[in-house]
C-alpha cells in the first residue's frame, strides 16, 4: 500500500468514526495491513494533517496519544513557528483576569509584532480568556493556532466566529480531530487540551480556577516540560489555580515586561 493510499484510508476512517481517537487508533493497524486499494468517496471540505506527513510536527510525538488525523483550515506552516505562547484560562474572567489580557498580554504581543518576529498565540478558542487572547493577536495581525472541541466546520462557541474566520483566511490555523459538523461533546475538550499543551513552547495562565479545563492543559504541559507562567491573585481566592501554580514553581508575572523576559529566558534555556 502506498503512503497516499494509507493516508486516504486514515482520513476516511476518521470521518466514519467522527474523530473518535480510541476507535481510530484500534482501526489503524488493520487499515495498514489491508492491501486492497480504495477509491471510495468521502465528503470533506477542510484540508488535513495526518501522522507521518512532512508537515506533522515532531512535538506531537511527545504525546502518549499523538493525533492521527487532524482536520484544518489556514496556514499549517504556523506549526513550525518556534515562539508559540499558549494562553488559556477561565471562561468568565474577573477584572484582574481582563487586565492580564489587556495589559500584560497586549504589551507582549505588541512587543513581538514591533520586532516583526514570528510569534503565535495557541489555545482552544473557548469563550473568555482564550478568545480574548486570540483577539489581542488579531489586533496586531499576529498568527493564532486554535484547537476545536467540535467538528472543523462547526464553529463553537459561535461568538468566536471572527477568530475562526481570521484563521480560515490564512492569518492563523484552526485544527480539530473531529471532521465536518461533529457537535461539541463534553469529553472532547479535556482530550483536546493535550494538543494545546504540546503545541505551546510556553504556557501563560492569566486567570483560572480549580477544578477547570485549564487544569488539564496545565497537567499536560507539566508532563511535557512546557515552562508555565501565571499572575498572582489574592490569597483569599481559595480556588485560584494561579496561586497553586506559583506555589508549585510557575513564574509569577506582574507586567508585560515580566512575560517578555519569561519568554526570552526560556527561548535561550530551551534553545528555541
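Taken over the range 210-240, the residue count meeting the criterion of being free of Cβ contacts under 8 Å to residues at least 60 places away in the same chain and in a loop (DSSP other than H, G, I, E, B) is 11. For the range 247-265, the set of residues classified as surrounded by 14 or more Cβ atoms within 10 Å (Cβ to Cβ) and either at pLDDT below 95 or closer than 16 Å to residue 208 by Cα (or both) consists of 250, 251, 252, 253, listed by residue number. Checking each residue in the range 84-100 for being in contact with a strand residue (DSSP E or B) (Cβ under 8 Å, 6 or more places away or on another chain) and either within 14 Å of residue 256 (Cβ to Cβ) or at pLDDT below 95 (or both) picks out 85, 87. Candidates 132, 105: the one that is at negative phi, assigned to a helix (DSSP H, G or I), touching a residue at least 40 places away in the same chain (Cβ under 8 Å) and assigned by TED's automatic domain parsing to the domain that holds residue 225 is 105.
Inspection of the range 234-248 identifies no residue that is within 19 Å of the chain's Cα centre (by Cα), under 15 Å from residue 93 (Cα atoms) and in the same structural domain as residue 109 (by TED's automatic domain parsing). Quickly run through the range 61-74 and pick out the residues that are in contact with a helix residue (DSSP H, G or I) (Cβ under 8 Å, 6 or more places away or on another chain) and surrounded by fewer than 19 Cβ atoms within 10 Å (Cβ to Cβ). Once the filter is applied, which keeps residues that are in contact with a helix residue (DSSP H, G or I) (Cβ under 8 Å, 6 or more places away or on another chain) and surrounded by fewer than 19 Cβ atoms within 10 Å (Cβ to Cβ), the range 61-74 yields 62, 63, 65, 66. Buried (at least 21 other Cβ atoms within 10 Å of the Cβ) and over 13 Å from residue 130 (Cβ atoms), is that true of residue 230? Considered against the rule, which asks whether it is buried (at least 21 other Cβ atoms within 10 Å of the Cβ) and over 13 Å from residue 130 (Cβ atoms), residue 230 comes out as yes. When you look at residue 172, is it under 19 Å from the mean Cα position of the chain (by Cα) and at pLDDT below 95, yes or no? In short, no.
Listed here are the residues, each with its yes/no results for (1) surrounded by fewer than 22 Cβ atoms within 10 Å (Cβ to Cβ); (2) part of a helix (DSSP H, G or I).
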position: 141; (1), (2): yes, no
position: 154; (1), (2): yes, no
position: 170; (1), (2): yes, yes
position: 179; (1), (2): no, no
position: 189; (1), (2): yes, yes
position: 196; (1), (2): no, yes
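Just name the residue that is surrounded by the fewest Cβ atoms within 10 Å (Cβ to Cβ) out of those in the range 9-23 that are out of contact with any strand residue (DSSP E or B) (no Cβ under 9 Å at 6 or more places or on another chain) and farther than 12 Å from residue 33 by Cα.
Filtering first and then ranking leaves 22.
Check residue 91 against each of (1) buried (at least 19 other Cβ atoms within 10 Å of the Cβ); (2) in the same structural domain as residue 146 (by TED's automatic domain parsing) and name the one condition it does not meet. Residue 91 satisfies all of (1) buried (at least 19 other Cβ atoms within 10 Å of the Cβ); (2) in the same structural domain as residue 146 (by TED's automatic domain parsing) except (1).
The values are calculated or read from the model by the stated rules, or taken from the named source; none is laboratory data. For clarity, every value in this text was computed on a predicted model and none was experimentally measured. Reconstructed Cβ throughout: ideal geometry from the backbone, glycine too, with neighbour counts over all protein chains shown.
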